Amino acid sequence: MTQPPAPFHHPSLSYEVFPPNTQVGAERLTHTLNDLAELKPDFISVTCSNRQPNIEETTLKVANHVQNTLHIPTIAHLPAMYLSKERVADSLDSLDQLGIRRVLALRGDILEGLEPVGDFSYAEELIHFIKERKPHFDITAACYPEVHPDAPNAVADIRFLKRKVDAGVDRLITQLFFDNDCFYHFQEKCALANIEVPILAGIMPIVNRNQALRLLTTCETTKLPRKFKAILDKYEHEPQALRAAGLAYALDQIVDLITQGADGIHLYTMNQSDTAHYIADAAKALFK
């Protein structure tokens, strides 16, 4: 019988990358992954876009390179809403054959103009399906410290999260946040609900103006602390200063989180290895 993957180091440090849309992007990602491998992360997760239906040539291809060429554990993303049971089964078989037995089970964003398949409406249903077909797989799921945008309220959100975890989740990774108090309050609510799996804190360093503008327009429910907003206001048109301040803010978040006992940090790299290097070099003593 195939054994499940070994647990990760605690506290863990990991990175997220996304499959590119162009050949130039693919070459850049290869360079980025080679750089990230030097940091010896606990794992690298590979996203799956709802608008890129060919998972084999995007997510699985990148995940295979990470796992079997760079020899870094990888987690492949699977969005439930836009995949059929047949396609999920095929993807799971392909991952299994590649020796990749860790997945991030997601509902997936609801996108205008893209019709859901209908086999999976929630991540919980996908998790049950994976556990039935591949019980030896390790399953990660997403969570929202500031409440899932589609949840009616915080109480319902935790209740749904508890059901998802009980379906067979091994760990949770949070959506990005900029106020650590939101994460700590979320931890407390999870503890009260007997959600006992590790919760990795998702951190995204804001290092350029385009990132900042996207954040302000797409993350309406994300709390922006006064100190963080001051950085965006003061350095919006000063690229070098914004980068330095954004990295310093993210590093301060990470030091506080690890000091307070967080299970790990998952860095949203935006395919930028220099950001990961800065964080890893500055905080390496925290992850021993």
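The C-beta contact set for segment 113-138 (first residue among the polar types (S, T, N, Q), second residue not in a helix (DSSP H, G or I), distance under 8 angstrom, 6+ apart or interchain) comprises SER121/ALA80; SER121/MET81; SER121/ARG107. A count restricted to segment 10-27 and to residues that are out of contact with any Gly (no Cβ under 8 Å at 6 or more places or on another chain) and surrounded by fewer than 21 Cβ atoms within 10 Å (Cβ to Cβ) stands at 8.
Condition check ((1) open to solvent by 60 Å² or more (accessible area, probe 1.4 Å); (2) small (Gly, Ala, Ser)) across all residues:
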position	(1), (2)
ASP93	no, no
GLN97	yes, no
ILE100	no, no
GLY108	no, yes
PHE120	no, no
PHE129	no, no
HIS136	no, no
ILE139	no, no
CYS143	no, no
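The number of residues in segment 28-59 that are crowded, with 18+ Cβ neighbours inside 10 Å and not hydrophobic (A, V, I, L, M, F, W, C) comes to 8.
Filter segment 145-169 down to the residues that are among the small types (Gly, Ala, Ser) and not in a loop (DSSP other than H, G, I, E, B), then identify the one that is most open to solvent (accessible area, probe 1.4 Å).
Selected residue: ALA154.
The values are calculated or read from the model by the stated rules, or taken from the named source; none is laboratory data. What you see is a predicted model, and the numbers here were worked out from it, not measured in a lab. Quick reminder, even Gly has a Cβ in these numbers, built from the backbone with ideal geometry, and neighbours come from all protein chains shown. Just the protein is used for accessible areas: all its heavy atoms, side chains included, with ligands, DNA and RNA removed. Shrake-Rupley method; radii C 1.70, N 1.55, O 1.52, S 1.80 Å.
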